[in-house]
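All remarks here apply to the structure that follows.
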Protein chains: 2
Amino acid sequence: MLHACGGTDTNQMMEGDAAQQAYVAPGEYDEYYAFMSGGYSGQITAYGLPSGRLLKEIPVFSQYPENGYGYSEETKPMFNTSYGFVPWDDSHHIELSQTEGEFDGRWLFVNGNNTPRIARIDLKTFETVEILEIPDVAGLHCAPFITENSEYLVSGTRFSVPIPQKDVPIDTYKENFKGLINYVTVDPEHGHMDLAFQIEMPGFNYDLARNGKAISHGWSFLTTYNSEQEHSLLEVNASQKDKDLMAVVNWKKAEEYLEQGKFTERETSYFHNLMDEGSGIVNSTERSTTRILDPKECPDMVYFIPVPKSPHGCDVDPTGEYIVGNGKLSADMSVYSFSKIMQAIEEENFDGEFDGIPIINYEAALHGIVEKPGLGPLHTEFDGRGNAYTTFFISSEVVKWDVESKEILDRQPTFYSPGHLVIPGGETRNPDGKYLVAMNKITKDRYLPTGPELAHSAQLFDISGDKMKLILDFPTKAEPHYAQAIAADKIQPNSVKFFDIESNTHPHATMGESRSRVERNGNEVHVYMTAIRSHLAPDNIEGIKLGDRVYFHLTNLEQDWDVPHGLAIQGATNAEILVMPGQTRTLLWEPKRQGVFAFYCTDFCSALHQEMSGYVRVSPEGSDVPLKWGLNEELHNDEEAALDFQENARKLAHNR
Amino acid sequence: MLHACGGTDTNQMMEGDAAQQAYVAPGEYDEYYAFMSGGYSGQITAYGLPSGRLLKEIPVFSQYPENGYGYSEETKPMFNTSYGFVPWDDSHHIELSQTEGEFDGRWLFVNGNNTPRIARIDLKTFETVEILEIPDVAGLHCAPFITENSEYLVSGTRFSVPIPQKDVPIDTYKENFKGLINYVTVDPEHGHMDLAFQIEMPGFNYDLARNGKAISHGWSFLTTYNSEQEHSLLEVNASQKDKDLMAVVNWKKAEEYLEQGKFTERETSYFHNLMDEGSGIVNSTERSTTRILDPKECPDMVYFIPVPKSPHGCDVDPTGEYIVGNGKLSADMSVYSFSKIMQAIEEENFDGEFDGIPIINYEAALHGIVEKPGLGPLHTEFDGRGNAYTTFFISSEVVKWDVESKEILDRQPTFYSPGHLVIPGGETRNPDGKYLVAMNKITKDRYLPTGPELAHSAQLFDISGDKMKLILDFPTKAEPHYAQAIAADKIQPNSVKFFDIESNTHPHATMGESRSRVERNGNEVHVYMTAIRSHLAPDNIEGIKLGDRVYFHLTNLEQDWDVPHGLAIQGATNAEILVMPGQTRTLLWEPKRQGVFAFYCTDFCSALHQEMSGYVRVSPEGSDVPLKWGLNEELHNDEEAALDFQENARKLAHNR
């Protein structure tokens, strides 16, 4: 251990400073939330900055046994897709909602890469409340990039496929495979997503995108690779051409064509899954049509610009004037000028076209080249002081450079091979250029080893001075792909502490312990159960039979912060349910054998938590054991219950 | 931000010191691994101390979409139980393997509470390699407490049930419900677990346990609550008696009775799931008998000692002489003396019996009482310098006291309501009394809020001085229930970096890219696929038909540290597989519609990771599209493949 004071060694002093900078003392708060996509976990993690502490993993696209997400009856429909129930995905890009080019702290969007979807997380509750499938695309990597007033989430297909799908040889790629660029609207009041239109594009691999801001608002920029249109060994075959193409979309123009009816309506299938706020129940609906715009029919809507070589990152600076296109196999970085692009379009300074889409002359669009900045440039963020920061995967470094002059100002090693990086607000009009986090893809020896499977590593730099300074190295959950960070005060004041039980509209909610009961309907049994410290009601249940499907609807009656209750039943082929105060969640249990089985509260809620348990008796099919339930020896049966229930309902109505 | 140097404010100086103490500079390692049980996540988390950084979440009892654990064909059998496939559990107590009363760094054991099981994690790989179901118990909370040479994992039922299970009224509890104390052996060479015997006990709730060490080696101590034998509203009804009972088991005596054949063999059903080391495949076997010892038939094997009131924690000091029984509703703490217990047994100083089991006189067994230490004492660990540290749930504090004199030496608040606490080696013969971590059950305002569901909180204290000093506060994943911490150098040197591909005995491994192929067997299709930077082989597959069950067996050919590859296929109703170097994993895919679908590597493995993808063509049922596969236009079909395969097999045999 090093000592902060009295030392004469400069390294020790610097390390002491770094320790202070990263330290958030017990009881103090972090300054920023950093939301990191989980990559192959399909989830999102929320870290505090500068401490690097994992505040929460938010389940999004993948089942989450920890709280029953994707196992409870309320949340299972969140995974419905046109392919059926899909319990996993690969989440890559976080987008916080924006108002006038700044984060507003309302919602967070993230893509599902494998079975193409976009999810919305409500930042009041940190819950996934909506998932929209995107039809007829494959590998929705290039998503869900947001416009500066959250008008649209823009996405593109990473793998082109036959549209509509058909049984064709793979080597008919050039003839049969197409790409789509998709525009999803966000309802300004509730955040609900809707697929507005899709633009049919040549069969490339659409990789990353950003939307214009300020002067370039109304435009989208999407990098592509595989303009070779190869279909095998892309490592070699999609790296042939000296330049690939960046798509430039005028979406205000697209809106005009849409208005004019210049679209084709196509039959397809995709799912929209939306959580009802009052009940917490996800409703799933299948949709069957989509509106397609064809660039050949819609002039001045889409252009291409050449980008050297196998472009990956595509980033727009805070002024909206500069667009950085990073060719991951290129020795240099091309920086484009929005004004010059507009001028080139006006002057029709084109170098031919691809599938009817004009290709803007490379030099005409160029602001300039950052020469030999490093190897394998991937992604760029900005600090709002005219500087850009780019990650270099192969040479394992972050490089700071001046956007206007293209001059390189600083470079710092990262450990190892960074993918994305994030500066709080670094993609908005107003970055908060205090910290930078590099998200590294390779970890090796950075932490104590954990066998062959290692955490990825993140590195926190102080970028407030001229030179970047590494202050903290922290492991991250799954594969943080991209992250966005936001000042704590944009989220903290709106955070919901518990659900108001009076607003609980769940049809199986139990609004008070005296209304807890059990109802049978054929072989379907509904247990209306309540939890409050420190008992479940009812806690003795009899009359369940083999062959029954038993729905435990647990309502947490607490109205206080941080008092969840959970429910687990021995032998359930299901996860637990973890139920927040004021909420109702349902666990389906299909008993497999006769006997008496225990259930209990899974969240250590009070000093008598261990006592918060009960028994359910399972009798053979056809048994005449009557349905009975109770708490503390006060057993009820069906007939009494009907009376009790009416009595309670009267009381409740009277009390309201 | 505070400055470490030049300040005159004492608080600032102290905070500066704390920052330094908790700080692990980039590139440096933590001193300890702390393994925390996940509680209701069913997993284990490995944290570094003193940094509080989450190094890894190890999936154990619950499905883990992040790497395909519980979804891949190899790992699904890990969740087999006598109730069927159970995808979740609640893991409470971590036990590291011991040799001569010290951690040896070989294995880690943890209980599944809900559907009673014990899991073993191999600390060379940080993988769950074995799960053993425990029959005829419910709520295996009191588990898996280890003896000082890992002879046994001792456990007890938290909820007594009819044994064997039968359809009886719940209010026949006193007559029909029994408890079991279970002894599982650990094979000293391979770690394999086996259920040795079960002791049939009165129907109490067995809550926590510890085994003797040094002088008390050969004995187990298990707290119980609900000696009232109530079955409803335990919060009230199981808190009636002034004292409950601690079970004291002489397991060497039990071994003698076993040897003498004084057991009953009972028919039952439980599963043993064991991963084969060479193939990584889990094999699941059902077992059908268990050996029961009855204390009434086996004198001098089991005793009871009274413990005030609703005991929870039960902890043995490093000398093995003192046993702390914490009544969670008691104002005082009872400390027992092993020597006095032995003397009382010898003198038959009993206060009656319960179900034939003698109850040792309370005062005769007592070392002494720690008077009014706090409210709600739960758990105690030791620092090896004669001091004990106990958590108090209700008064939210950790209290340090002298084991010999029972004098209280220090108390520090915790935020809020601590459950367990951990000192590295704190339950062994040789604790490493430098740090203490309190695991708090209630978090509320400790971190930036994350909606109604909050992370739990852990607090790291420096206990090297006279007074405990809080140095760090960090959020934890799920509900860390208990933890054990071990010096890094006991694990780090043995950590496996990748699997030796020459030792891969998976029957569907592909030992070289040239052997990659596709085989059809009726409607079962096996894809023998390889991954190496930066392509999958084959990456074009045709001839798959609707109705097929397609097994993708992916072998990662890399032999380098930290180069996993993953595989995902669009629309799969399954998780990805994440495959470590040298390993083979299998993803089952049942295509739902015809067309051409993309698959790709999910782990960002190289600069050309985005190019690591492929296509699979799905034709209608009964189609005559032939089975073909290839890489870079070299397509193979069935007949060629048979020849190629023989040729490759010859070459491979020759090279060896």
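Laboratory data are not the source of any read-out in this text; all were calculated from the coordinates shown. On a predicted model such as this, the values are computed, not experimentally measured, just so you know. Cβ placement follows ideal geometry from the backbone for every residue including glycine, while neighbour counts extend to all protein chains displayed.
Key figures
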{"read-out": "Amide proton proximity set for A:S62, modelled H, under 5 Å, gap of 5+", "value": "A:D89"}
{"read-out": "Packing-based order for B:89-95, A:367-373, using average beta carbon neighbours within 10 Å, highest first", "value": "B:89-95, A:367-373"}
{"read-out": "Alpha-carbon Debye profile of the protein assembly as shown, log10 I(q)/I(0) at 0.05, 0.08, 0.09 Å⁻¹", "value": "-0.36, -0.93, -1.17"}
{"read-out": "Simple spin-label estimate for A:A214 and A:D466 in nanometres, 7 Å along Cα-Cβ", "value": "2.6 nm"}
{"read-out": "For B:564-570, mean number of other protein chain Cβ atoms within 10 Å", "value": "5"}
{"read-out": "Whether segment A:31-494 is rounded, prolate or oblate, judged on the alpha carbon gyration tensor where a/c under 1.5 counts as rounded", "value": "rounded"}
{"read-out": "Nm distances between copies for B:G386, ranked from closest, using label points 7 Å along Cα→Cβ", "value": "6.9"}
{"read-out": "Within 10 Å of each Cβ in A:325-331, the average number of Cβ atoms from other chains", "value": "1"}
{"read-out": "Summed residue charge, Cβ within 11 Å of A:S239's Cβ, Lys/Arg positive, Asp/Glu negative", "value": "-3"}
{"read-out": "Cβ neighbours within 10 Å from other chains - mean over A:471-480", "value": "5"}
{"read-out": "Qualifying trypsin sites (Lys or Arg not before Pro) in segment A:521-598, DSSP loop, other Cβ atoms within 10 Å at most 16", "value": "A:K592, A:R593"}
{"read-out": "Estimated vicinal HN-Hα couplings, Hz - segment B:450-467 in sequence order (Karplus 6.51, -1.76, 1.60; Gly, Pro = x)", "value": "10, x, x, 9, 10, 5, 6, 10, 10, 10, 9, 10, 7, 10, 6, x, 5, 10"}
{"read-out": "10 Å beta-carbon shell around A:D548, net charge (K/R +1, D/E -1)", "value": "0"}
{"read-out": "Set A:K178/A:K213; A:K372/A:K406; A:K178/A:K262 screened for pairs whose C-alpha atoms are more than 23 Å apart", "value": "A:K178/A:K213"}
{"read-out": "In sequence order, calculated HN-Hα J values of segment A:615-629 (Karplus, 6.51, -1.76, 1.60; Hz; x Gly/Pro)", "value": "10, 10, 9, 10, 9, x, 3, x, 5, 9, 4, x, 5, 9, 8"}
{"read-out": "Gap separating the Cα centres of segment A:456-471 and segment A:222-266, nearest whole Å", "value": "36 Å"}
{"read-out": "Charge sum, other residues only, whose C-beta stays under 13 Å from A:K497's C-beta, Lys/Arg counted +1 and Asp/Glu -1", "value": "-4"}
{"read-out": "Percent RCO, i.e. relative contact order, over chain B, from Cα pairs under 8 Å lying at least 6 residues apart", "value": "10 percent"}
{"read-out": "Gap separating the Cα centres of segment A:552-579 and segment B:48-101, nearest whole Å", "value": "21 Å"}
{"read-out": "Shortest-first distances to equivalent copies, position A:K241, nm, label 7 Å out along Cβ", "value": "8.1"}
{"read-out": "Sum of -39500 (n - 2.57) over DSSP H runs of 4+, divided by residues of chain B (222 nm, nearest 500)", "value": "-2500 deg cm²/dmol"}
{"read-out": "Exceeding the 20 Å Cα-Cα cut-off - candidates B:K434/B:K490; B:K124/B:K441; A:K174/B:K592; B:K441/B:K467; A:K469/B:K469; A:K434/B:K444", "value": "B:K124/B:K441; A:K174/B:K592; B:K441/B:K467; A:K469/B:K469; A:K434/B:K444"}
{"read-out": "Ordering of A:41-50, A:294-303, A:500-509 by burial proxy (mean other Cβ atoms within 10 Å per residue, highest first)", "value": "A:41-50, A:294-303, A:500-509"}
{"read-out": "5 angstrom amide H check on A:F599, placed H, neighbours 5+ away", "value": "A:G614, A:Y615, A:V616"}
{"read-out": "Label zone at B:E371, where the point sits 7 Å out along the Cα-to-Cβ direction: segment B:386-405 residues whose backbone N lies under 15 Å", "value": "B:405"}
{"read-out": "Per-residue HN-Hα couplings for segment A:556-573 [Karplus 6.51, -1.76, 1.60; θ = phi - 60°; Hz; x = Gly/Pro]", "value": "8, 7, 4, 10, 8, 6, 6, 10, x, 10, x, 9, 9, 10, 3, x, 4, 8"}
{"read-out": "B:D187-B:M342 FRET efficiency (beta carbon distance; Förster radius 30 Å; 0.05 resolution)", "value": "0.45"}
{"read-out": "Highest average packing first - B:242-248, A:350-356, A:538-544, Cβ atoms within 10 Å", "value": "A:538-544, B:242-248, A:350-356"}
{"read-out": "Nearest-first distances (nm) between copies at B:A487, label 7 Å from Cα via Cβ", "value": "4.9"}
{"read-out": "Extended-chain gain in nm, criterion 0.36 nm per residue less alpha-carbon gap, A:S395 and A:S503", "value": "33.4 nm"}
{"read-out": "Residues with amide H under 5 Å from that of B:G203, placed H, sequence gap 5 or more", "value": "B:G179"}
{"read-out": "Segment B:528-632 shape via C-alpha gyration tensor axes, a/c threshold 1.5", "value": "prolate"}
